[in-house]
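Please read the structure below before turning to the comments.
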Amino acid sequence: MFPYEEHKNTELWQRIDKIVADLEKNGDVKLTTAREYVVGYFCKKLREGEAK
């Protein structure tokens with residue numbers, strides 16, 4: 001199972017995915033890991049912060 005499956009298809013996922021895509025398009029970042037893992041990680045960490 002994909003480790004960030006619970007975050008897919010959420011508004012948070014969509015927003016972060018767009019931000020990361022914009023950064024890639026601008027040349028500000030170059031991902032060496034699949035974007036879905038990067039986006040999933042951000043979602044997880046942001047949600048963990050909400051729980052504190």
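The values are calculated or read from the model by the stated rules, or taken from the named source; none is laboratory data. This is a predicted model, so every value here is computed, not measured. Cβ atoms come from the backbone with ideal geometry, glycine included; neighbour counts cover every protein chain shown.
Numbers below:
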| quantity | calculated |
| --- | --- |
| Residue list for region 5-27, filter: under 15 Å from TYR41 (Cβ atoms), assigned to a helix (DSSP H, G or I) and not aromatic (Phe, Trp, Tyr) | GLU5, GLU6, HIS7, LEU12, ARG15, ILE16, ASP17, ILE19, VAL20, LEU23 |
| Near pairs, Cβ below 8 angstrom, 6+ apart or cross-chain, from region 30-52 (at negative phi) to any residue that is of a type in the set (Lys, Arg) and at pLDDT 95 or above | GLU36/LYS8; GLY40/LYS8 |
